[in-house]
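S.K.: Next up is a structure, given as C-alpha cells.
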Amino acid sequence: MGIIENKIKNRARTFFGNFKYDLFFAPSRINLIGEHLDYNGGYVLPAAIDIGSYIAIRKNGTNKIRLRSLNAKVYRELEIGEDFNPKNNWLNYPLGMVNFLKKRGYNVEGFDGVIMGNIPTGSGLSSSASLEILIGYCMSELFNDGKIDNKILAEVGMDVENKFIGLNSGIMDQFAIAMGRKDKMILLDTSNLNFSYEDIDLDNNALMILNTKKHRKLTDSKYNERKAECDKSLEIINRTKNYKFLSEISTNEMDEVLSLLNEDTLVKRVRHIITENQRVLDFIKASREKDYVYMGSLLNESDRSLKDDYEVTGYELDTITSLARYFGALGARMTGAGFGGCAIALIKSKDRSYFKRALLTEYKNKTSLSGEIYEVVISDGPRRIIE
Ligand code: ADP
Ligand code: MG
C-alpha cells in the first residue's frame, strides 16, 4: 500500500473512529486531441492517467455524508438530498453525485470518508471529474453490489457539472476517467457515445504533461461563453441547413457554412470545431501508422487553432508550448479547457532530461512561474485498492 493510502486510512480513523475502511482510486485524464468538441458532438481522444483521487471510506448507517479532503480546508456535514450551496465548496461535487444517483433510482446511504488527490487541481487534468467518478464508483461498490455501469457514472458526473455546479461541459472528462484502460487511448464519438480503445505505441518517443502552474481564472464563465457561441452559430447555420451538431459539418462544406455566419468571432469558433474534428481522425490514422512527425504537427495545428480561432490559451500556455517546440518536441498543445493549466508534448525520449531542464528554466525566465513536467502513464479507470 502506498503513502497516500496509508495516510487517508489513518486520518479516517482519527476523524471518524477506529473502524475498517475500504480504499478506492479514480484516475484523472489527458486529452490527446479533439478539444472543446465534446459539447459539439465531435470526436475526442482522451486517456486516463495514473495520477488521481484516493478515498478511505465506510458506511456510517445514517443519511449523512461526512467527507474530509486532505487537499481542502472546508468541512461540512451534509445530508443526502441537500441542495447545491456555494458554502459547501468542493463538497458540492460528491453531494451532487450522490443526489443524482439517487434521482436515477440507485441506492445511496450515508458514509464517512477521507479523500486525497495527487492531481494538480484546476490544472485542466479534470480533478473535478476524478472526484465525481470516485464517489460514484464508491456508491456502486458500497450500496449497489458494484452494479452501476461505469458509463452511467460518466453520464451522472456530466449531469452534476451541468445541473448542479453550473458548468455546461460535455461528457469527455467523466467518460475518459470512468472508462479508462491501461495503455489505451479512447476514441469517443460524443454524438452517440460510440467508442473504441486505440493502442498508443510511442516507440522511442514520450508524452509529457507540461503544467504552466498558471491558475485558471474565469474558466467557467469563459467555458459557458464558448458553448453559447457554438449554440448560437448552429442556430444561425440551421436557418438554411439541418445539422444536429457543428461537428457534423465536413471540411469540404466548411467554406459554404462559414459564409452563413455574420460575425467574425462565430466564424473562428466554428472553423476550430470543424477542423479539429478532422484532426482527431487524422491523428488516429497517423498513430496507427506510427507517423510521429505527422502526429506532432497535428498537435501543433490543434494548438494554433485553439489559440487563434477558439481563443482559449493565454500567455503561459502559449509560452510553454512554444518553448516545447523550440526545445525539440515533435508537437505540443494545451489540453483540457484551457485558459491556463496543462499542455501535453510529444517528445523524442533521448531528449528527455535536457528537454525538461531547458524548458523549465526558460519558462521561468519568461513567466516567473515554476512550471512542472510529468511523464504520462496511461492507466485503468476507477478501482478498489486491495490491501
Ligand atoms: P479541473 O477539473 O480541471 O481540475 P475544476 O475547477 O473543474 O478543475 O475542478 C477543481 C475543483 O474540484 C476544486 O476546486 C475542488 O472543488 C474539486 N476537487 C478536485 N479534487 C479535489 C480533492 N482531492 N479534494 C477536494 N476538492 C477537490
Ligand atoms: Mg473540472
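The values are calculated or read from the model by the stated rules, or taken from the named source; none is laboratory data. Just so it is clear, the structure is predicted and the values come from calculations on it, not from any experiment. Positions of Cβ are backbone-derived with ideal geometry, glycine not excepted, and every protein chain shown enters the neighbour counts.
S.K.: With the structure loaded, tell me whether G338 is within 16 Å of ligand 2 (Cβ to nearest atom) and either over 29 Å from Q174 (Cβ atoms) or in contact with a Phe, Trp or Tyr (Cβ under 9 Å, 6 or more places away or on another chain) (or both) or whether it fails that test.
M.R.: It is true that G338 is within 16 Å of ligand 2 (Cβ to nearest atom) and either over 29 Å from Q174 (Cβ atoms) or in contact with a Phe, Trp or Tyr (Cβ under 9 Å, 6 or more places away or on another chain) (or both).
S.K.: Shifting gears a bit: Could you tell me which numbered condition I186 fails, if it satisfies all but one of (1) within 14 Å of the chain's Cα centre (by Cα); (2) within 16 Å of ligand 2 (Cβ to nearest atom)?
M.R.: (2)
Yes/no per residue for (1) more than 13 Å from ligand 1 (Cβ to nearest atom); (2) of a type outside the set (G, A, S):
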position: R68; (1), (2): no, yes
position: K73; (1), (2): no, yes
position: E82; (1), (2): yes, yes
position: W90; (1), (2): no, yes
position: L101; (1), (2): yes, yes
position: D112; (1), (2): yes, yes
position: G122; (1), (2): no, no
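S.K.: Can you find even one residue in region 156-166 that is in the same structural domain as L32 (by TED's automatic domain parsing), of a type in the set (A, V, I, L, M, F, W, C), touching a residue at least 24 places away in the same chain (Cβ under 8 Å) and within 12 Å of ligand 2 (Cβ to nearest atom)?
M.R.: Yes, region 156-166 has at least one match.
S.K.: If you check K184 against the conditions, is it basic (K, R), assigned by TED's automatic domain parsing to the domain that holds G96, surrounded by 15 or more Cβ atoms within 10 Å (Cβ to Cβ) and touching a residue at least 24 places away in the same chain (Cβ under 8 Å)?
M.R.: Numbers: basic (K, R): yes; assigned by TED's automatic domain parsing to the domain that holds G96: yes; surrounded by 15 or more Cβ atoms within 10 Å (Cβ to Cβ): yes; touching a residue at least 24 places away in the same chain (Cβ under 8 Å): yes.
Yes.
S.K.: Then there's this: Would you check which residues across region 333-378 are of a type in the set (G, A, S), at pLDDT below 95, touching a strand residue (DSSP E or B) at 6+ places or on another chain (Cβ under 7 Å) and not in a helix (DSSP H, G or I) and list them?
M.R.: G336
S.K.: Here are some residues: I115, I51, I135. Which one is aliphatic (A, V, I, L, M) and in a helix (DSSP H, G or I)?
M.R.: That would be I135, the only listed residue that is aliphatic (A, V, I, L, M) and in a helix (DSSP H, G or I).
S.K.: Hey, another quick one. Among (1) farther than 24 Å from L346 by Cβ; (2) among the hydrophobic types (A, V, I, L, M, F, W, C); (3) not in a loop (DSSP other than H, G, I, E, B), where does A286 come up short?
M.R.: (1)
Let's see how each residue does on (1) more than 16 Å from ligand 1 (Cβ to nearest atom); (2) farther than 25 Å from V270 by Cα; (3) in contact (Cβ under 8 Å) with a residue 24 or more places away in the chain; (4) surrounded by fewer than 22 Cβ atoms within 10 Å (Cβ to Cβ):
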site	(1), (2), (3), (4)
L323	yes, yes, yes, no
G328	yes, yes, yes, yes
A332	yes, no, yes, no
G341	no, no, yes, no
Y354	yes, yes, yes, yes
L360	yes, yes, no, yes
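S.K.: Could you check, for region 196-213, whether at least one of its residues is hydroxyl-bearing (S, T, Y) and in contact with a strand residue (DSSP E or B) (Cβ under 6 Å, 6 or more places away or on another chain)?
M.R.: So far as region 196-213 goes, yes, one or more of its residues are hydroxyl-bearing (S, T, Y) and in contact with a strand residue (DSSP E or B) (Cβ under 6 Å, 6 or more places away or on another chain).
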